[in-house]
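Visitor: Before I ask anything, here is the structure I am working with.
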Amino acid sequence: MVLAAAVLVGGIAGAKVLPAPGTPTEVAALVASSHKIDRVPSDLVPQLTGIATDNAAVWGYWKIKSGCTSTTQCVYGDKTATSVVVLFGDSHAAMWLPAIDWVGRHLDVRVVLLWLAGCPAADVSVLNAGGHTVDTACNAFRKAAIRAIKALKPTLVLTANRTANVVGANGRYVPGSAWQAGLESTLATLLADKLEVAVIGDVPPLANPAAQCLAAYPTAVQQRCSSPNPNPGFHTELKAEEAAAKAKGVPYLNPVPWVCTKVCSPIVGKYATYYDWQHVAATYAAYLSLDWEGALKPLLTG
């Protein structure tokens, strides 16, 4: 399937345009030099005023603002293909849709997104958005999503979760051991139906929201707006996720090298990498499409 170099999103005048994907070599070179960027480039993509809304949940093309709770609600890639990839989790699953959608169209694979804001694929109870009671809707969504995935019998299931400062049912951060056990439980349930499963790792959080920090310190990007990798200021489940994947014998797909070196910069090349403090920006995710194709193709054709 031949794709245009850039994709018009929205189909109307003034609509956003996704960049042509960078090659893995190009991405690696830009990331390697990202720690040297101290000044916001004049051709920053998107411009400062557009960073905070550069996410798939806001872009009208993907229409996922309220979440996707059935296997027919949010379908992308090659919508007529018999090979199916399910992207399952919370907003950290949804943030990769620009790249996974591209991969689906390029490899003739249907992409089904199942996500709910603040609701991890890992079998752990979390607090609701108000932060006062257990999110029972999340637990119900997870169970229903897993049933729907089993009925769909996809070629591949990808789980992805937020891992920074996740608050559990007791009002405290979920311990790594509990997170690992919860993700292993979800993976085991999917594997019991002989499904192919892989875990997408998370990216380290920034200390400050990217848009606000870059606007405040346009000539001090590294000093003020970058963060160490890993970021010791946050309780994260990154190691627990990788350990769960290893324990269940499934691939762990690590996108961190496509975003960070020993530091995570809010700018790589001319692209804003995060749209807030924890999510990869939609434009940058799209720029990583060839890296994602390289990671996913062996799982789809092996």
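Visitor: With r defined as the distance between the Cβ atoms of Lys150 and Ala181 and R0 fixed at 22 Å, what FRET efficiency is calculated, to the nearest 0.05?
Guide: 0.55
Visitor: On to the next question. Compute the length gained on full extension between Thr219 and Lys246: take 0.36 nm times their separation in residues and subtract their Cα-Cα distance, giving the result in nm to one decimal.
Guide: Answer, rounded to one decimal: 5.5 nm.
Visitor: Counting Lys +1, Arg +1, Asp -1, Glu -1, what net charge surrounds Leu290 among other residues with beta carbon under 11 Å of its beta carbon?
Guide: The answer is -2.
Visitor: Would you list, by chain and number, the aspartates and glutamates whose Cα falls below 19 Å from the Cα of Lys150, excluding same-chain residues fewer than 8 positions away?
Guide: Result set, ordered by chain and number: Asp90, Asp123, Glu184, Asp193, Glu196.
Visitor: Oh, and also: How high is the relative contact order of the chain, in percent, counting Cα pairs under 8 Å that sit 6 or more residues apart?
Guide: For the chain, the relative contact order is 26 percent.
Visitor: Taking other Cβ within 10 Å of each residue's Cβ, how do Ser289, Ser91 sort, fewest first?
Guide: Starting with the residue having the fewest Cβ neighbours, the order is Ser91, Ser289.
Visitor: Using modelled backbone amide H atoms (1.01 Å from N, in-plane), which distant-in-sequence or interchain residues come within less than 5 Å of Val157's amide H?
Guide: Placed amide hydrogens put Val86, Glu196, Val197, Ala198 under 5 Å from Val157.
Visitor: Still on this structure, I have one more. Sort the range 202-263 into rounded, prolate or oblate with this rule: let a ≥ b ≥ c be the square roots of the eigenvalues of the Cα gyration tensor; rounded if a/c is under 1.5, and if a/c is not under 1.5, prolate when a/b is larger than b/c, oblate otherwise.
Guide: prolate
Visitor: Could you please report the charge total around Pro120, scoring K, R as +1 and D, E as -1 over all other residues with beta-carbon less than 12 angstrom from its beta-carbon?
Guide: Charge balance near Pro120 sits at -4.
Visitor: Quickly work out the Thr301-to-Val256 label distance, labels modelled 7 Å from Cα along the C-beta direction, and quote it in nm with one decimal.
Guide: Distance between label points: 2.9 nm.
Visitor: What does the charge dipole of the range 7-301 about its Cα centre add up to, to the nearest 20 debye, if the Cβ of each Lys and Arg holds +1 and the Cβ of each Asp and Glu holds -1?
Guide: 260
Visitor: So, counting K/R as plus one and D/E as minus one, what does the shell of residues with Cβ under 10 Å around His92 add up to?
Guide: Counting the neighbours of His92, the net charge comes to -1.
Visitor: Under the 0.36 nm per residue contour assumption, what length would be gained going from the current alpha-carbon distance of Ala81 and Asp108 to full extension?
Guide: Answer, rounded to one decimal: 9.1 nm.
Visitor: Can you show me the helix-derived [θ] at 222 nm for the chain, built from DSSP H runs with n ≥ 4 at -39,500 (n - 2.57) apiece and divided by the number of residues, rounded to the nearest 500.
Guide: -9500 deg cm²/dmol
Visitor: Whole angstrom only: what separates the Cα centroid of the range 196-275 from the Cα centroid of the range 19-50?
Guide: The two parts, judged by their Cα centres, are 15 Å apart.
Visitor: Quick check for you: which residues of the range 96-121 have the amide N under 12 Å from the point 7 Å beyond the Cα of Ala137 toward its beta carbon?
Guide: Within reach of a label on Ala137, which here means backbone N under 12 Å from a point 7 Å along Cα→Cβ, the range 96-121 contributes 116-119.
Throughout, read-outs are computed from the coordinates displayed, never taken from laboratory work. As the structure is a computational prediction, the values presented were derived from the model and not from experiment. Cβ: placed from backbone, ideal geometry, glycine included. Neighbour counts: every protein chain shown.
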